[in-house]
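The values are calculated or read from the model by the stated rules, or taken from the named source; none is laboratory data. No experiment lies behind these values; they were computed from the predicted model shown. Cβ coordinates were reconstructed from backbone atoms using ideal geometry, including for glycine residues, and neighbour counts include every protein chain displayed.
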Amino acid sequence: MLTALKQLGSPPRFFDVSGPAARMLAWAALALAVPGLWLALVGTPTDEQQGEVYRVLYIHVPTAWMSMFLYLVATGYAVLFWVWRSPVSAVMMRALLPTGAWMTVVALVSGAVWGKPTWGTYWVWDARLTSELMLLFIYLGLMALANLVEDESKTDRALALFTVVGGVNIPLIYFSVVFWNTLHQGMSIGAPGAARMAPEMKAALFICTFAVWFACAAIVLVRGRWLLVMREARSRWVKELPTRT
Amino acid sequence: MTATLAIAISYSLGLAVLGIDALLAQRLRGAALARVLEETPDP
């Protein structure tokens, strides 16, 4: 496992693996998105209490999970960067930020439009909503830092440090519904005493989640791949690219 | 805000965001190859 991870830390190896992996993930995302969308919009029954508006959750929950998960992965790459100083870790840390920020925006907007007919308001300064908004600001701040100077490698160490520091917000978001009394509902899946979901609704939610997960992974790999080429433009393996692609 | 509008906004935003993000990521290919050409000395 460690050897495989170290091999993937080699820029030419990462370049060779990431292209086919991104293509495979994109096809998997598409294959899941079609049944996922059908189930989310038509195939699952109407919720007894919320009515049709509950269908927003099939996009809200996967994007909200993804906003936190992508940040956790970025934190992992930040730590790897501190350990190995590998350019792959540095570019992957950067590649994850825009996709994570986009997912946070979708989670916040879809939550707001779901909140209006359900709670009677688009927004409340509840712990879950506020910590998710903070996550968006953290993403935007890190993206600004990442693009502060033209020579990106000069901001790598600061970016890694601040990414790890910002990671404190992730458990705060996840457990906010446990720590504080929030308007946002508690955990629906995985927690003891969680609200029960109908099996077909749960299946649809997982299909949509994997579709979003695969799509994000494909996008991040494509971005990381080309950021790596930009960074390593002077390296021999990049000059040999025509023979690789 | 009706349920239909909430659903329409959420799904169109989600799909649009994934599409735009994918296009932006793919556009880096051109920028990266241009950088490689810049760094390649003239023969």
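Which of the residues belonging to region A:205-245 are among the charged types (D, E, K, R) and surrounded by fewer than 22 Cβ atoms within 10 Å (Cβ to Cβ)? Selection gives A:ARG234, A:ARG236, A:LYS239, A:GLU240, A:ARG244. Filtering region A:124-148 to residues that are out of contact with any helix residue (DSSP H, G or I) (no Cβ under 6 Å at 6 or more places or on another chain) and part of a loop (DSSP other than H, G, I, E, B) leaves A:VAL124, A:TRP125, A:ASP126, A:ASN147. Of the numbered criteria (1) in contact with a Pro (Cβ under 8 Å, 6 or more places away or on another chain); (2) within 22 Å of B:GLY14 (Cβ to Cβ); (3) surrounded by fewer than 17 Cβ atoms within 10 Å (Cβ to Cβ), the one A:ALA198 fails is (2).
Among residues belonging to region A:158-177 that are without any contact (Cβ under 8 Å) to a residue 12 or more places away in the chain and part of a helix (DSSP H, G or I), point out the one that is nearest to the chain's Cα centre (by Cα). Once the filter is applied, the top-ranked residue is A:PRO171.
Results for (1) polar (S, T, N, Q); (2) in contact with a Pro (Cβ under 6 Å, 6 or more places away or on another chain); (3) closer than 11 Å to A:ALA218 by Cβ; (4) assigned to a helix (DSSP H, G or I), shown as yes or no for each residue.
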site	(1), (2), (3), (4)
A:PHE14	no, no, no, yes
A:VAL17	no, no, no, yes
A:MET24	no, no, yes, yes
A:LEU30	no, no, yes, yes
A:PRO45	no, no, no, no
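When region A:28-57 is filtered for residues that are closer than 30 Å to A:ARG225 by Cα and under 18 Å from the mean Cα position of the chain (by Cα), the ones remaining, listed by number, are A:ALA28, A:ALA29, A:LEU30, A:LEU32, A:ALA33. Residues that are surrounded by 12 or more Cβ atoms within 10 Å (Cβ to Cβ) and more than 7 Å from every other protein chain (Cβ to nearest Cβ) within region B:7-18 comprise B:ALA8, B:LEU15, B:ALA16, listed in sequence order. Report yes if A:ALA33 is buried (at least 19 other Cβ atoms within 10 Å of the Cβ) and within 11 Å of chain B (Cβ to nearest Cβ), otherwise no. Yes, satisfied. With respect to the conditions (1) β-branched (Val, Ile, Thr); (2) under 24 Å from A:TYR139 (Cβ atoms); (3) modelled with pLDDT under 90, A:ILE189 falls short on a single one, namely (2).
Taking the listed residues A:ALA90, A:ALA112, A:ALA101, the one that is surrounded by 22 or more Cβ atoms within 10 Å (Cβ to Cβ) and within 13 Å of chain B (Cβ to nearest Cβ) is A:ALA101, with no other qualifying. Considering only residues in region A:150-186 that are under 15 Å from A:ALA78 (Cα atoms) and modelled with pLDDT under 85, the one that is surrounded by the most Cβ atoms within 10 Å (Cβ to Cβ) turns out to be A:GLU152.
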